[in-house]
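A short write-up of the structure that comes next.
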Amino acid sequence: MVLPVEPEFEQAYTELLLTLENSTLFDKKPVLKKAIPVVSVPERIIQFRVTWEDDDGVINVNRGYRVQFNSALGPYKGGLRFHPTVNLSILKFLGYEQIFKNALTGLSIGGGKGGADFDPKGKSDAEIRRFCSAFMRELSRHIGENTDVPAGDIGVGGREIGYLFGAYKRYRNLWEGVLTGKGLSWGGSLIRPEATGYGLIYYVERMLDYVSPGDTFAGKTVAISGSGNVAQFAALKAIELGAQVVSMSDSKGAYIVATPGTSFSVADVALIANIKLERKELFVLDDAFPTGKFTYLPGARPWIHLGKVDIALPCATQNEISGEEALALVAAGCKFIAEGSNMGSTMDAIEVFETERVKAPGSIWYAPGKAANCGGVAVSGLEMAQNSHRINWTKEQVDEKLKSIMSTCFDNCVNTAIEYSSEKTDGLPSLVKGANIAGFVKVAEAMLDQGDFY
Ligand code: GLU
């Protein structure tokens, strides 16, 4: 067997292609098939050296990247990831997902992704600042408010965006909306930090109501993985809506509530938010959490360790639910899975969810990240709109627009799945097919109009 050269990218590519081929799309619109080999190659990849000095005066070298994948719908748009695992395969998969996700927001944004194999864990603020400045020294030549607008992702939050923005301004002598996720007093949008997590919950609210009209989060048991920005705000919104959040985790282990019926509280999530700002591991909270409230599982993800669960929200990173874990979730009675992370489920896991959905209508319903987590980049798009007009919308205005974008995205996924389905089932429509087809059609038709293929 030949091992894939870019395993994560090939996974994202295959997953999209299989759902398109397994529908009536190319019977109805045969010309769009020609878009596949074109859309799957990035318009441009920039790869560069980042040298920076640590606190001991030692020179360090990292690899920096920006994958400018597709600009049919607007300027390249997508986050920057700083993590030691970053390589071209990871950034190409993220950039590829981002093209179709951004299309699903309905806003004028193309798709891109970037980052560096830099590990922010254990670094001082000064080291982070020097790294951001060194990274932007090269990146600043390739981005701009009408060209490419990066934002945060894993390892890049408000502080990093600040340092990156400052560096861009110094190198280019331009104050422009070149990054999103900015500070509120200098061009950032209200609700941007909350947007991915909140948007995820708004999307699941529509799923709940679709299955049983009137059903809500109140009283539901929600398992969450991860503890970064997405996980924190998904947890807070779920708690606000009356759900019990029973797990949160990081790459070193998972905390799970010890007693059924109890939940992470707003105060527990605040403790997590604080130690994440210090770039520390979750387990340092052992003494800070209420005694006996949680069980810590070192080295574990939550999925096979849960009691009964209604909703699972993977919010950590790619491939964080295996086929085996998907089966465990089904066995735990989980009815809804929605990804806050990008490509949170492996192909095996998706296969389990999709097979169950068809086999036992109403048993389980899976929403992929490119639909369920598009709220983050959507509010980034709203931040760009506010910057161009040099105005600021209120919290309520942005939240209302976010809700409406998530709701339209859900309807689009459902209607597209029904329109192009080749399934003979009375079950729920496939949201993974709906999301992939709706996103792809929008981008491919724009590319056709623009002469990218013909
Ligand atoms: N990194 C986020 C994502 O995966 C946000 C990107 C952005 O706001 O540009 O969608």
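The values are calculated or read from the model by the stated rules, or taken from the named source; none is laboratory data. Owing to the predicted nature of the structure, the values given are computational and were not obtained by experimental measurement. Note: ideal-geometry Cβ built from the backbone for every residue, glycine included; neighbour counts use all protein chains shown. Note: areas computed on protein heavy atoms with side chains; ligands, DNA, RNA excluded. Shrake-Rupley method; radii C 1.70, N 1.55, O 1.52, S 1.80 Å.
Here are some conditions: (1) surrounded by fewer than 14 Cβ atoms within 10 Å (Cβ to Cβ); (2) in contact with a Lys or Arg (Cβ under 9 Å, 6 or more places away or on another chain); (3) of a type outside the set (Lys, Arg). GLY292 meets all but one. Which one does it not meet?
Single failed check for GLY292: (2).
Looking at (1) part of a loop (DSSP other than H, G, I, E, B); (2) of a type in the set (Val, Ile, Thr); (3) open to solvent by less than 30 Å² (accessible area, probe 1.4 Å), which is the one condition that is false for ILE272?
All conditions are met except number (1).
For THR147, only one of the following conditions fails: (1) over 16 Å from the mean Cα position of the chain (by Cα); (2) open to solvent by less than 50 Å² (accessible area, probe 1.4 Å); (3) of a type in the set (Val, Ile, Thr). What is its number?
That leaves (2) as the condition not met.
In the list VAL443, VAL414, VAL352, which residue meets the criterion of being out of contact with any Asp or Glu (no Cβ under 7 Å at 6 or more places or on another chain), within 16 Å of the ligand (Cβ to nearest atom) and of a type outside the set (D, E, K, R)?
VAL443
Where residues in region 202-221 are more than 16 Å from the ligand (Cβ to nearest atom) and in a helix (DSSP H, G or I), which of them is farthest from MET406 (Cα to Cα)?
VAL211
Condition first: modelled with pLDDT of 95 or more, of a type in the set (Phe, Trp, Tyr), in a helix (DSSP H, G or I) and more than 10 Å from the ligand (Cβ to nearest atom). Can you find one or more residues in region 67-85 that meet it?
No: zero hits.
It is to be established whether one or more residues within region 418-429 are small (Gly, Ala, Ser), at pLDDT 95 or above and more than 18 Å from the chain's Cα centre (by Cα).
No, that holds for no residue.
Filter region 62-76 down to residues that are open to solvent by less than 20 Å² (accessible area, probe 1.4 Å) and under 14 Å from ILE45 (Cα atoms), then give me how many there are.
Counting residues in region 62-76 that are open to solvent by less than 20 Å² (accessible area, probe 1.4 Å) and under 14 Å from ILE45 (Cα atoms) gives 8.
Can GLU383 be described as touching a Ser or Thr at 6+ places or on another chain (Cβ under 9 Å), more than 21 Å from LYS237 (Cα to Cα) and within 16 Å of the ligand (Cβ to nearest atom)?
yes
Being charged (D, E, K, R) and open to solvent by 60 Å² or more (accessible area, probe 1.4 Å) is the requirement here; does LYS401 meet it?
yes
Test of understanding: among PHE82, PHE100, PHE135, which residue is aromatic (Phe, Trp, Tyr) and farther than 30 Å from LEU282 by Cβ?
None of the others qualify; the one that does is PHE100.
Determine whether GLY115 is closer than 19 Å to HIS83 by Cα, open to solvent by 10 Å² or more (accessible area, probe 1.4 Å) and within 14 Å of the ligand (Cβ to nearest atom).
no
I'd like to check something: does region 216-235 contain any residue that is open to solvent by less than 40 Å² (accessible area, probe 1.4 Å), out of contact with any Asp or Glu (no Cβ under 8 Å at 6 or more places or on another chain) and among the hydroxyl-bearing types (Ser, Thr, Tyr)?
no
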